[in-house]
Amino acid sequence: MFKIWAKTIKNDKIKMSHIYKGMGKYDPSQFTKYVTEICEQMDIPTPVVLRSHINNFNNFNITKFSSDDFVEWVHFDYLTVEYCRDDGGEKKYIYKAYLPVD
């Protein structure tokens, strides 16, 4: 299972947030399908997915769709899609106490 965190941002504030849970392993060739399903679940229009969006997501685990990437008018400045890593809750001991490590 993999997770993708999508959030809409307006005036540098998160307006809507959603975590998409995909079954199996992440498949880069299905990125457009994942974005479509995320937008359906968030009830927002689907953006036009360009090769640069796919490359940014695959190389940096994050991509950003500006309002110009949508055919319809949207009520936010941009949509950010980010891959959520699952580190398994690894903790390290610091000063005889444990803190989660990012």
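Since every read-out is calculated from the coordinates, none of them should be taken as a lab result. As the structure is a prediction and not an experimental result, all values here were calculated from the model. Methodologically, a virtual Cβ is constructed for each residue, glycine included, from the backbone with ideal geometry; neighbour enumeration extends over all protein chains shown.
Some points to look at:
- Linear extension gain, C84 paired with S52, 0.36 nm per residue minus alpha-carbon span: 9.5 nm
- Derived scalar couplings ³J(HN,Hα) [region 30-42; Karplus, 6.51 cos²θ - 1.76 cosθ + 1.60; whole Hz; x for Gly, Pro]: 9, 4, 4, 5, 4, 5, 4, 5, 4, 5, 5, 5, 8
- For region 13-24, putting each phi into the Karplus relation 6.51 cos²θ - 1.76 cosθ + 1.60 with θ = phi - 60° gives couplings of 10, 6, 9, 8, 9, 8, 10, 8, 10, x, 8, x Hz, in residue order, rounded to whole numbers and with x for Gly and Pro.
- Label-to-label distance, nm, for residues given as F2 and I62 (7 Å Cα→Cβ offset): 1.8
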